[in-house]
Every structure is written in C-alpha cells, then in structure tokens.
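Taking it in order: structure first as structure tokens, then the write-up.
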Amino acid sequence: MGVLNVTSDSFSDGGLYLDYEAAVRRGRQMVAEGADVVDIGGESTRPGAGAVAPDEELRRVVPVVEALAGEVRVSIDTVKASVAHAALAAGATLLNDISSSLVAVAAAHGAGFVAMHCKGTPADMQLDPRYDDVVGEVRAFLERCVTDAHGAGVTEVYIDPGIGFGKSVRHNLQLLAALPELVATGAPVLVGTSRKSFIGHLGAGGSPDGRVGDIPPLGSHDRLEGSLASAVWAMACGAAVVRVHDVAATVQAARLLGEVAA
Ligand code: HH2
C-alpha cells in the first residue's frame with residue numbers, strides 16, 4: 001500500500017502532493033513501482049496536526065481518487081464520514097479509518113475496512129501513552145472491531161496495531177514483536193511503520209526505553225533503512241499489507257522475501 005498524502009503538513013511528505021497534478025503523478029509512479037493499493041489522505045494525523053475542514057478535505061482527495069481509481073485499488077484515509085462517502089462513491093474500495101468509527105460507511109458502499117488501534121486523538125496521543133498490557137489491549141480492541149464490522153456486513157476487514165498512534169518507542173517494538181499473535185487471529189494484518197518517529201529515534205542511537213526527542217532523531221527522509229527492516233519483519237510475520245512511502249524499495253525487499261519463503 002503506497003501512501004499518497006494530499007496535504008500541506010504530513011510529517012514526511014507534507015506539501016509535496018497538495019497539487020492535483022503532482023498527486024496523480026505520484027500515485028501513478030507508485031503503481032509503476034509495484035503498489036497494489038494507493039492510500040489517499042487529505043488530513044495529516046501526525047501528533048498535534050491541525051484539523052482540515054470537510055470541504056477542503058473533499059476538494060483535495062475526491063479528484064485524485066477519481067483519477068486513480070480506474071488504474072489501481074484506491075483506499076481513502078479519513079476519519080470524516082462525508083469524505084469517506086464521497087471517496088467511496090468516486091471509486092475507492094477500501095476505507096482506512098484511523099478512528100475505527102466509520103464501519104457503517106464502508107458497509108453502505110460494500111467496501112473493505114481497515115480498523116486501526118489509536119489511544120487518544122492525534123492532538124494528545126503521544127503525550128504519555130500508558131498500558132498495562134499493550135499487546136493484549138490492542139488485540140482485544142481489534143478483535144472487537146472485526147466482530148463489529150462483520151456484524152455491520154463488512155466482509156473484508158484488516159486489523160492494524162496503529163504504530164505511533166498513542167504508543168511509546170517500547171510499545172511500538174512490543175507490538176511489532178507480537179505481530180504473529182495478531183496474524184493468528186485470522187484477520188489480515190496491515191502495518192504502517194514507514195518513516196515513523198521511533199525509527200528516527202532508534203536510528204540515531206536512542207534507547208528503546210527512551211522517548212522520541214531525548215536525542216535528535218534522524219530526519220524523516222533518513223529513515224528508509226529502518227522502514228525497510230520493519231516492513232520486512234512485518235511481512236515475514238505474515239502481515240498482509242504494509243503501508244509505505246518508499247514503494248520501489250519496499251517492493252524490491254518484498255520480492256526477495258517472497259522468493260526466500262517460496
Ligand atoms: N499511519 C499514518 C496515517 N494513516 N493508517 C493506517 N491504517 N495505519 C497507519 O500506521 C497510518 C495510517 C501516518 O502516516 P502518514 O500518512 O505518512 O502521515 P500523516 O498522518 O502526517 O499524513
């Protein structure tokens with residue numbers, strides 16, 4: 001799954017694809033590089049990101065969905081019901097909702113649904129996330145989402161531990177280590193680690209028990225190696241989808257892994 005952020009402020013590619021032509025060009029490039037799905041979002045979910053008005057989000061994403069939907073499977077990354085409805089009507093067939101609250105919208109369109117775990121909201125999620133048992137809590141939440149989605153009539157439901165969404169560096173590592181447990185639930189697992197802060201923190205020599213910001217992290221464009229390592233780990237654990245910015249590099253890694261495992 002290639003990430004296409006039609007935003008001004010996404011943490012690693014904000015402003016690059018805000019323009020319609022640039023967004024469609026980038027979408028086509030990711031398809032040529034081997035993406036099976038393009039995930040289009042018009043509002044950043046990075047910690048502390050500002051809200052985007054529904055009209056503006058619609059204006060950003062719907063034309064791009066329309067342009068790409070005939071060429072590749074399109075996923076819409078939104079937490080707004082109005083945007084989800086419009087994007088699914090415009091040709092998207094997967095709803096990626098980090099709030100896990102829009103399952104009825106997916107059902108109304110016969111679309112697939114990504115249920116992601118997030119503790120708190122993007123405004124407060126990274127302040128001081130705490131869990132008694134992060135893996136147990138996340139797994140139980142995602143299992144409930146699958147049951148609810150099936151009950152609502154959605155048959156294609158992905159589960160996503162929500163790396164970086166209300167998680168410390170250690171929580172992210174614990175969830176990645178526990179991916180086989182999520183895969184064992186039987187639901188297809190989606191993992192999004194690409195360019196995230198914990199990679200920049202560890203890559204710069206930060207402690208796994210430290211906090212992002214303890215030391216200057218690697219910049220978001222210097223996180224390819226850690227992004228690939230975590231994507232390969234996720235795929236080797238049996239994840240069905242990895243959500244990435246660097247499609248060509250990830251496809252090369254996935255092909256190699258596929259041949260080793262064949
Ligand atoms: N991560 C981001 C956004 N959407 N959706 C799912 N299912 N899983 C994720 O891990 C995930 C997601 C954050 O990454 P990005 O879209 O690059 O950044 P921003 O939210 O700043 O636009």
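The values are calculated or read from the model by the stated rules, or taken from the named source; none is laboratory data. This structure is a prediction, so every number in the text was calculated from the model and none was measured. Quick reminder, even Gly has a Cβ in these numbers, built from the backbone with ideal geometry, and neighbours come from all protein chains shown. Side chains included, ligands, DNA and RNA excluded: accessible areas come from the protein's heavy atoms. Shrake-Rupley method; radii C 1.70, N 1.55, O 1.52, S 1.80 Å.
Just a few scattered comments:
- Think of it as helices only: each DSSP H run of n ≥ 4 in the chain is worth -39500 (n - 2.57), and spread over all residues that comes to -13000 deg cm²/dmol at 222 nm.
- Segment 116-262: relative contact order as a whole-number percent, Cα under 8 Å and 6+ apart: 22
- Between segment 192-262 and segment 144-174, the alpha-carbon centres lie 19 Å apart.
- Cut-off 18 Å, label 7 Å out along Cα→Cβ of residue 207, residues of segment 148-188 by amide N: 168-174
- Label-to-label distance, nm, for residues given as residue 22 and residue 72 (7 Å Cα→Cβ offset): 1.8
- Inverse of mean 1/r across different Cα pairs in segment 61-108, Kirkwood, Å: 10.4
- Full extension of the chain between residue 33 and residue 260 gives 79.6 nm of extra length, using 0.36 nm per residue less the Cα-Cα distance.
- Rolling a 1.4 Å probe over the protein heavy atoms gives the chain an accessible area of 43 Å² per residue.
- Counting protein heavy atoms only, the chain has 54 percent of its accessible area on carbon and sulfur, 1.4 angstrom probe.
- Paramagnetic reach from residue 240 (point 7 Å along Cα→Cβ, amide N under 11 Å) across segment 86-128: 112-115
- Where the Cα pairs of the chain fall when distances are cut into 5 Å bins, in %: 1, 6, 13, 18, 21, 19, 14, 6, 2, 0
- Of the complete DSSP H runs in the chain, those spanning 15 angstrom or more by Cα along the long axis with a mean Kyte-Doolittle score not below 1.0 are 224-236, 247-261.
- Using 0.36 nm per residue and subtracting the Cα-Cα separation, the extra length available between residue 177 and residue 222 on full extension is 13.9 nm.
- Ignoring lysines fewer than eight residues from residue 196 along the same chain, the ones with Cα atoms less than 17 angstrom from its Cα are 119, 167.
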